[in-house]
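Visitor: Attaching a single structure in structure tokens format; questions to follow.
The values are calculated or read from the model by the stated rules, or taken from the named source; none is laboratory data. These numbers come from a predicted model, not from an experiment. Here the Cβ positions follow ideal geometry from the backbone for every residue, glycine too, while neighbour counts run over all protein chains shown. Accessible surface is based on the protein model in full, side chains and every heavy atom, while ligands, DNA and RNA are left aside. Shrake-Rupley method; radii C 1.70, N 1.55, O 1.52, S 1.80 Å.
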Amino acid sequence: MAELQRPTLCCCRKVLTVPGNKSCEGGRSLAHCRLVDVASASNFHSFKLRHFHLDLHLNFAVKRITGWQVLELTPVQPGVQSLILDTHPSLLVHSVDCKVPGASGAPDVVLSLTYRIEPFTDYGSSLNISLPAAVIRPHRAFRVTIRYTTTDGPAIWWLDAELTCGQTRPLVFTQGHSVCNRSFFPCFDTPAVKSTYSATVRVPEGVTVLMSASRSAYSKQDRVFQFSMEYPVPAYLVALVAGDLQHADIGPRSRVWAEPCILTCAVSKLGGNVERWLNVAEGLFGPYVWGRYDIVFLPPSFPIVAMENPCLTFIISSILESQEFLLIDVIHEIAHGWFGNAVTNATWEEMWLSEGLATYAQRRITTEAYACLENPCYPFSFSFSEGVNPSSLMNLFTYEKGFCFVSYLSQLCGDIERFDSFLRAYIEKFRFSSVIAQDLLDFFLGFFPELKESCVAQREGLEFERWLNGCGPPLCEPDLSAGKALTGPVQHLCDLWGMDAPEPQVISTFDLSSWSTFQTVLFLDRLLDRSPLPQEVMSLLSSCYSALLDDMNAEVQIRWLQIVVRNSFYPDLPRVRSFLHKHTSRMYTVPLYEDLCGGVMKCFAVEVFYQTQARLHPNLRRTLQQILFQSSAFNTSTAPSLLTSPPSAPSSPTDPTANGTIALRDVNVSA
Ligand SMILES: [Zn+2]
């Protein structure tokens, strides 16, 4: 991470407060410090955004959203002369008006406003609206209406019918995380700003629309869907999907939505589990505040595994192949209901406040619900190598180092259940707001005053600063010994596959088909870390496992095929080809193409790309073209979608140059 290389600064460019040292610019709680979000061009500090409304018409024939947006704003400082919103070159603004309440009973004043679009970064631009000084006053609310059209910006994924599961009707979905929604509607595109929202969406007959909203209604006569999100959310959590979607209830507050051809399968794989997990999570972290918890399954072009859109988790349908991953991923998204959605990181640089805490919460839920589903087995399936630039490890650091830090805090307080009660109180205190790390740490030390006292008495402070700003691996890892029964055989088999090819008879005593997916994935991740392997080892690996792994789910297959590619093992290339013909999600294709182009198989990659490109979403096609034809100058404009790689499928840290996530940090920080 770029920020980790500047050891004394944190997200808001101030020195971190350490316990017992209050001299640091007065402490940096969000309330006292003007937060800098380098990924936003907007002047969000100048306003309070109470609510916004979207009125949208979806036109599938021309892949265009046309409509208007109303923002309800109050200036919070004097002399505000402009409203600057984040937007994107793919969004065309037609007009901007404002409506100001008339003074003492006079009629409202409606004015047409001038505006200009200015370049900002390669992932967005700024919409600079001039405000009439005569009528805009501090603490007096006014409304701005923006009429606009938007086409196929990074947030909006139009799928032709052939790219859907049913292949009969088109579908559109949005993916806002992290800085994409500025191409969906002009906004304060920063996680520091939260507001309620509502939407009216007009669609052709037969199309069902869903949004990340707590209430919805449908007028069949007008073919209009109405949505309202009554709880404040940041812009990146506004999400929409529209297509041939049907539903089935799976619990008192949950239903599954999917295209008709996969609905039955999706329901059968989740069954009554979701309500059970929600109950476990509520027992640990307090009430689930969003009302409904629904899940919509999206076609294989969905670029990531899942997205925690409030009230409505988006998840890729391909994950139905991988039962254990499906369960873990849904539990992870449920955990975001508390960590990430109710309490949100105020800047992208501290995304661990969302992902690290959600990963911790996910593992608390699985431990409570199953004793041991994945908890001890999975987290450390990769090694932290010296010399690797941490900026290439965004996923790893965000999820796993964040998880380790949260585990460290729980160890400091000495009792996992006391730590649960701290997390409950943290949620209650900061619910519906955005926080920085210092908010969490101050609250932690306030909750456990004995820790603060002992740390002041020892005059050495806790390790917070080294954790948050130091480079390298976590300072300590949670005790995972409970998982030895699962990891032991994996480690044993890894040891046997040392630098020399092992005895086949010894290897044959390990039956991978009886292992859990997580054990197999751990084994393959270790081999991937060690690649390239000696050719005779690779040949024996292939003869032992290739056919077996080929029958397993995509999470297993992609790891094996990455090993094949990184070892330039030509005999198994046909399996790589058929995998790339079958899978069309960014998360299953980009790592393989990057490995192919990083090695000696670029021609093969180009050939497969030309064979499959017609079935790839244009966004993915563009990314792959960049990898294939401009790989030396990988375009960071694709990065926002890469940021949200699956929590359970971190990229291998051994090859940072081949890892698109390198752009995550850069895209946010280099602005
Ligand atoms: Zn997550």
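Visitor: Go through the residues of region 289-296 one by one and say whether even a single one is open to solvent by 30 Å² or more (accessible area, probe 1.4 Å) and in contact with a helix residue (DSSP H, G or I) (Cβ under 7 Å, 6 or more places away or on another chain).
Guide: No, region 289-296 contains no residue that is open to solvent by 30 Å² or more (accessible area, probe 1.4 Å) and in contact with a helix residue (DSSP H, G or I) (Cβ under 7 Å, 6 or more places away or on another chain).
Visitor: Cβ-Cβ below 7 Å, separation at least six or inter-chain, first residue in region 251-263 and under 20 Å from residue 240 (Cα atoms), second part of a helix (DSSP H, G or I) and open to solvent by less than 10 Å² (accessible area, probe 1.4 Å): which pairs?
Guide: 254/274; 256/266; 256/270; 258/266
Visitor: Please enumerate the residues belonging to region 116-148 that are at pLDDT 95 or above, open to solvent by 20 Å² or more (accessible area, probe 1.4 Å) and of a type in the set (Ser, Thr, Tyr).
Guide: Passing the criteria: 130, 145.
Visitor: Quick check, is residue 296 at pLDDT 95 or above and farther than 20 Å from residue 163 by Cα?
Guide: no
Visitor: Still on this structure: Determine, yes or no, whether residue 309 is within 16 Å of the ligand (Cβ to nearest atom) and either open to solvent by less than 10 Å² (accessible area, probe 1.4 Å) or out of contact with any Gly (no Cβ under 7 Å at 6 or more places or on another chain) (or both).
Guide: So residue 309 passes the test.
Visitor: Please verify whether region 243-261 includes one or more residues that are among the hydroxyl-bearing types (Ser, Thr, Tyr) and over 22 Å from the mean Cα position of the chain (by Cα).
Guide: No, there is no match, as no residue in region 243-261 is among the hydroxyl-bearing types (Ser, Thr, Tyr) and over 22 Å from the mean Cα position of the chain (by Cα).
Visitor: Can you go through 174, 168 and tell me which one is surrounded by 19 or more Cβ atoms within 10 Å (Cβ to Cβ) and in contact (Cβ under 8 Å) with a residue 40 or more places away in the chain?
Guide: Sole residue among the options that is surrounded by 19 or more Cβ atoms within 10 Å (Cβ to Cβ) and in contact (Cβ under 8 Å) with a residue 40 or more places away in the chain: 174.
Visitor: Being open to solvent by 10 Å² or more (accessible area, probe 1.4 Å), touching a residue at least 40 places away in the same chain (Cβ under 8 Å) and among the acidic types (Asp, Glu) narrows it down to one of 529, 551, so name that one.
Guide: Unique residue meeting the criteria: 529.
Visitor: Looking only at region 209-217, decide whether some residue is at pLDDT 95 or above, in contact with a Phe, Trp or Tyr (Cβ under 9 Å, 6 or more places away or on another chain), surrounded by 23 or more Cβ atoms within 10 Å (Cβ to Cβ) and farther than 30 Å from residue 614 by Cα.
Guide: yes
Visitor: Which members of region 571-596 meet the condition of being touching a residue at least 60 places away in the same chain (Cβ under 8 Å) and either over 14 Å from residue 620 (Cα atoms) or more than 26 Å from the chain's Cα centre (by Cα) (or both)?
Guide: 595
Visitor: Could you check how many residues of region 317-342 are more than 15 Å from the ligand (Cβ to nearest atom) and either farther than 16 Å from residue 366 by Cα or touching an Asp or Glu at 6+ places or on another chain (Cβ under 6 Å) (or both)?
Guide: Counting residues in region 317-342 that are more than 15 Å from the ligand (Cβ to nearest atom) and either farther than 16 Å from residue 366 by Cα or touching an Asp or Glu at 6+ places or on another chain (Cβ under 6 Å) (or both) gives 5.
Visitor: Residue under question is residue 542, and the condition is that it be open to solvent by less than 40 Å² (accessible area, probe 1.4 Å) and more than 26 Å from residue 319 (Cβ to Cβ); does it hold?
Guide: Yes; evaluated as a whole, the condition is true for this residue.
Visitor: For region 45-69, which residues satisfy the criterion of being open to solvent by 20 Å² or more (accessible area, probe 1.4 Å), among the hydrophobic types (A, V, I, L, M, F, W, C) and farther than 20 Å from residue 210 by Cα?
Guide: Selection gives 62 alone.
For (1) open to solvent by 30 Å² or more (accessible area, probe 1.4 Å); (2) in a helix (DSSP H, G or I); (3) within 28 Å of residue 530 (Cβ to Cβ); (4) at pLDDT below 95, each residue gets a yes or a no:
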residue	(1), (2), (3), (4)
562	no, yes, yes, no
575	yes, yes, yes, no
579	no, yes, yes, no
584	no, no, no, yes
588	no, yes, yes, yes
604	no, yes, yes, no
626	no, yes, no, yes
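Visitor: Out of (1) more than 14 Å from the ligand (Cβ to nearest atom); (2) closer than 15 Å to residue 406 by Cα, what's the single condition that is false for residue 346?
Guide: It fails just one condition, (2).
Yes or no, residue by residue, for (1) more than 14 Å from residue 444 (Cβ to Cβ); (2) within 16 Å of the ligand (Cβ to nearest atom); (3) modelled with pLDDT under 90:
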{"residue": "371", "(1), (2), (3)": "yes, no, yes"}
{"residue": "376", "(1), (2), (3)": "yes, no, yes"}
{"residue": "382", "(1), (2), (3)": "yes, no, yes"}
{"residue": "389", "(1), (2), (3)": "yes, no, yes"}
{"residue": "394", "(1), (2), (3)": "yes, yes, yes"}
{"residue": "409", "(1), (2), (3)": "no, no, no"}
{"residue": "418", "(1), (2), (3)": "no, no, no"}
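Visitor: Hand me the list of helices (runs of 4 or more DSSP H) wholly inside region 234-339 holding 3 or more residues that are within 30 Å of residue 86 (Cβ to Cβ).
Guide: Numbers: elements: 260-270, 273-285, 323-336.
Once the helices (runs of 4 or more DSSP H) in region 234-339 are filtered for at least 3 residues that are within 30 Å of residue 86 (Cβ to Cβ), what remains is 323-336.
Visitor: Right, next: For the structure I just gave you, tell me whether residue 304 is surrounded by fewer than 24 Cβ atoms within 10 Å (Cβ to Cβ), within 12 Å of the ligand (Cβ to nearest atom) and over 25 Å from residue 198 (Cβ atoms).
Guide: yes
Visitor: Now for a separate question. Can you name the residue in region 435-471 that is small (Gly, Ala, Ser) and not in a helix (DSSP H, G or I) and is also modelled with the highest pLDDT among such residues? I'd like the intermediate steps shown before the answer.
Guide: Quick first cut of region 435-471, residues small (Gly, Ala, Ser) only: 437, 446, 454, 457, 461, 470.
With not in a helix (DSSP H, G or I) added as a condition, the list becomes 461, 470.
Values: 461: 61, 470: 70.
Going through the qualifying residues, I end up with 470.
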